Amino acid sequence: MKILVVNPGSTSTKMAVFEDEKPVLLRNISHSAEELAPFGNIIEQQDFRRKLVLGELEAAGIPLEFDAVIGRGGLVKPISGGVYEINQPMLDDTLHGCVMHSHACNLGCLIAHEIASIINTQHPSRNAKHPKCRSFIADPGVVDELSPLARISGSPLMPRIAIWHALNQRAIARRYARGIGKEYEDLNLIICHLGGGISVAAHEKGKAIDTNNALDGEGPFSPERAGSLPSVDLIRLCFSGKYNEQQLLKRIAGKAGLNAHLGTNNMREILERIKQGDKHAELIVDAMIYHIAKNIAAEGAVLCGKVDAILITGGMAHSDYLIEKLRQRIGFLAPVYVFPGEDEMEALALNALDVLRGKREAKVYD
């Protein structure tokens with residue numbers, strides 16, 4: 001089976017070609033601010049990014065013949081976890097319906113569906129033996145399996161919603177389960193993704209029954225997000241006249257967290273400052289670790305203390321400084337295992353492969 005994976009991010013487009021489980025091409029196409037400047041919004045970048053993906057395939061001598069194209073899922077309506085065949089309702093919601101944010105992940109299903117359509121147009125004679133190229137997404141950030149209790153906040157005007165690193169967390173959970181000879185659906189896990197945004201989730205027997213809205217800054221603060229804030233102070237700031245709406249939104253996500261306190265979201269740079277004796281940087285990073293640990297411990301209560309393991313993943317999991325200080329605070333809950341970086345490209349490919357091989361059914365978005 002030949003699978004093309006497309007994973008758009010804010011300043012790059014990751015792509016990969018897999019033959020069954022084997023990656024045969026991995027590319028991270030960077031986009032400079034100058035390249036993206038002409039586009040009024042994220043959706044307008046679709047043709048630009050699609051052409052770059054097709055250009056990389058041509059340069060590598062890989063023909064446009066795939067059994068499936070799978071893209072990173074976008075911010076559509078809340079759905080349960082799994083693999084979804086891209087259909088018109090999903091495309092409509094991505095373009096016009098329930099997109100809550102202008103985020104590059106929304107390009108994933110659009111580009112995947114478009115490339116699959118091009119393949120099927122170029123090869124109209126495909127038959128049952130060589131079926132049409134299919135297009136999928138898997139475990140988008142809006143996967144919502146929250147328990148009824150988790151949805152309720154202190155205001156009926158603002159129920160809690162889940163926007164989190166569902167794809168990577170699920171991939172890490174399954175990798176850990178395979179490593180110990182068990183199934184993901186048999187385990188209770190707390191998983192924390194440490195990236196520009198931070199998500200912490202309680203996974204109970206294969207469902208993420210509690211997690212935070214990491215995109216909008218709920219939970220611990222992070223390199224770019226403010227995290228949960230004092231509500232009354234935030235309301236007063238909104239009516240202070242000092243900031244307009246867009247400026248305040250940036251103070252929640254973007255120019256927030258470590259970026260607001262220390263002037264950068266670059267964790268390597270900040271850790272070097274700490275190494276050189278910057279006590280203020282040390283205080284801020286230690287405070288972030290403190291709040292991450294507090295959120296992880298809270299998920300222990302969600303699982304009633306029945307936690308098989310705590311899994312830490314994401315880019316910041318490469319930092320020994322962060323991991324050791326986290327272990328000191330959460331090690332009493334359950335064994336802690338670290339999976340640095342992200343596993344998204346392989347996770348997407350394997351999700352598509354399972355459907356192509358008939359191991360799993362693709363779900364229908366409606």
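The values are calculated or read from the model by the stated rules, or taken from the named source; none is laboratory data. Note that this is a predicted model, so its numbers are computed, not measured. Here the Cβ positions follow ideal geometry from the backbone for every residue, glycine too, while neighbour counts run over all protein chains shown. Ligands, DNA and RNA are excluded from the accessible area calculation, which covers all protein heavy atoms including side chains. Shrake-Rupley method; radii C 1.70, N 1.55, O 1.52, S 1.80 Å.
Within the option set Val24, Val76, Val5, being assigned to a strand (DSSP E or B) and open to solvent by less than 10 Å² (accessible area, probe 1.4 Å) holds for one residue only, Val5. In region 34-59, which residue that is free of Cβ contacts under 8 Å to residues at least 12 places away in the same chain and either touching a Lys or Arg at 6+ places or on another chain (Cβ under 8 Å) or among the aliphatic types (A, V, I, L, M) (or both) is nearest to His103 (Cα to Cα)? Ranking the candidates gives Ala37 first. Filtering Val364, Val285, Val302 for residues that are of a type in the set (Val, Ile, Thr), open to solvent by 50 Å² or more (accessible area, probe 1.4 Å) and either within 30 Å of Val69 (Cα to Cα) or free of Cβ contacts under 8 Å to residues at least 60 places away in the same chain (or both) leaves a single hit, Val364. Exactly one residue out of Gln246, Gln276 is at pLDDT 95 or above and open to solvent by 90 Å² or more (accessible area, probe 1.4 Å): that is Gln276. So, in region 336-366, of the ones that are modelled with pLDDT of 95 or more and in a strand (DSSP E or B), which residue ends up farthest from Ser199 (Cα to Cα)? Among those that are modelled with pLDDT of 95 or more and in a strand (DSSP E or B), it is Val364. Screening region 315-335 for residues that are modelled with pLDDT of 95 or more and within 21 Å of the chain's Cα centre (by Cα) and picking the one that is surrounded by the fewest Cβ atoms within 10 Å (Cβ to Cβ) gives His318. Please tell me if Ser228 is of a type in the set (Ser, Thr, Tyr), touching a residue at least 40 places away in the same chain (Cβ under 8 Å), on the phi < 0 side of the Ramachandran plot and in a loop (DSSP other than H, G, I, E, B). No; evaluated as a whole, the condition is false for this residue. Applying the set (1) over 21 Å from the mean Cα position of the chain (by Cα); (2) crowded, with 16+ Cβ neighbours inside 10 Å to Tyr84 leaves exactly one unmet item: (1).
Quick check, is Ile70 at pLDDT 95 or above, of a type outside the set (D, E, K, R), within 20 Å of Ala352 (Cα to Cα) and not in a strand (DSSP E or B)? The answer is no for Ile70.
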